[in-house]
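What follows is calculated from the coordinates using simple rules that are stated; it is not laboratory data. Values in this document were obtained by computation on a predicted structure and should not be read as measured data. Every residue, glycine as well, gets a Cβ built from its backbone with ideal geometry; the counts of neighbours run over all protein chains shown.
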Amino acid sequence: MLHCDTYLTPASLDEAFDAMAAHQGRCRIVAGATDLLPWAREGRAGDVSIPVLIDITRIPEMNERRIDDKRVRLGAATPIQRFLDGPSLGRALPGMPRCAVWFADDQIRESATVGGNIVNASPAGDCIPPLIAHEAEVELAAKRDGKIVRRRMKLDQFVRGPSRTAIEEGELLTAFECDALAGYGGSFEKVGHRRSLVISVACIAALVKLDDSGRGFEDVRLAIAGVGPVPQRLSDVEEFLRAAPISQERLEQAAEMPVARVQSRTRQAYRREVLRGFVMRGLINALRRAGAGPEILAPELEASYV
């Protein structure tokens, strides 16, 4: 059971930091709050009393959205649903719409925020692999000596382990920026213990752009989660794929390369098989969305990895 005495909705960062300082040690920051009740339920945290909840979703800066040809900047309180109902956002971040489809149901997606998913730092956090593939940076803010100060770091450096991040006492994750990749094909593959509202056993994000010949990779980006303590970018696989024309043999070799990265304490053999298949399926789906023709993606190859 969860108990809360005071619920605050600051309208600015200044108000939020002042509330955090006034209730230090007695407050919890929430945005969509979709993980709050599961966290507090009996068997995980027991009966929980939080004197003060500070909801940051009404702060304009937390809902910022800025898109240009090279970069996308989004406030940390951006709901996951925006990647499905915002066409310009989906085009600029082709790795995110497929991730959003997998992310719970419509009601949860409307409340759950990107910043919350990042700060939770779950090894199975869905948003983190596609954002890492988009070269995301997070922006952190704090109030020091009456002034708001900010710092940035790469997302893959911010997440340091299960439920561990680089956020410091008194800081808020305010925004993230990442590469705009219009024209890329994107894919997100995920599996869990059940068919709906799945928590990942393993997931992968793939982003690809074909070269002018249509037979090679101009760019390819891959990131995985759920198979170790932190999400990982598959830079070695990317380099291997860029080095030669696309072929079934080369895709299969690439799919085998990250299998040794599985570090989970349970179901390792299963995760290795899943990861091998997901790399292959993620690349096939991303290539198809990038415009690869039948000379690259033979129907029987696609059918093998549906």
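Helices that extend 27 Å or more along their long axis by alpha-carbon positions and average at least -1.0 on the Kyte-Doolittle scale are, among the DSSP H runs of the chain, 268-290. Using 0.36 nm per residue and subtracting the Cα-Cα separation, the extra length available between R250 and D145 on full extension is 32.2 nm. Contact order for the chain, expressed relative to its length and based on alpha carbon pairs under 8 Å spaced 6+ residues apart, stands at 15 percent. Under the classification rounded if a/c is under 1.5, otherwise prolate if a/b is larger than b/c and oblate if not, where does the chain fall, given a ≥ b ≥ c as square roots of the Cα gyration tensor eigenvalues? Verdict is prolate for the chain. Once you sort the root eigenvalues of the Cα gyration tensor of the range 1-127 as a ≥ b ≥ c, which label holds: rounded (a/c under 1.5), prolate (a/b larger than b/c) or oblate (the other case)? Oblate, since a/c reaches 1.5 and b/c is not below a/b. Rounded, prolate or oblate: pick one for the range 90-139, where a ≥ b ≥ c are the square roots of the eigenvalues of its C-alpha gyration tensor, a/c under 1.5 means rounded, and failing that, prolate if a/b is larger than b/c, else oblate. Taking the square roots of the gyration eigenvalues as a ≥ b ≥ c, the range 90-139 is oblate. Working note: Cα atoms of the range 203-300, range along each principal axis, descending, whole Å: 43, 26, 20. Projected label points at C4 and D236, each 7 Å from Cα along the beta carbon direction, are separated by 4.5 nanometres. Only aspartates and glutamates eight or more places from K143 in sequence, or on another chain, were considered; those with a Cα closer than 17 Å are D14, E15, D18, E61, E168, E169, E171.
In the neighborhood of A182, defined by Cβ-to-Cβ distances under 9 Å, what is the net charge if each Lys or Arg adds +1 and each Asp or Glu adds -1? Counting the neighbours of A182, the net charge comes to 0. Summarising the amide proton neighbourhood of A175: residues at separation of 5 or more, or on other chains, whose placed amide H is nearer than 5 Å comprise A76, E139. Shape summary of the range 60-179, radius of gyration then Dmax from alpha carbon positions: 13.8, 43 Å.
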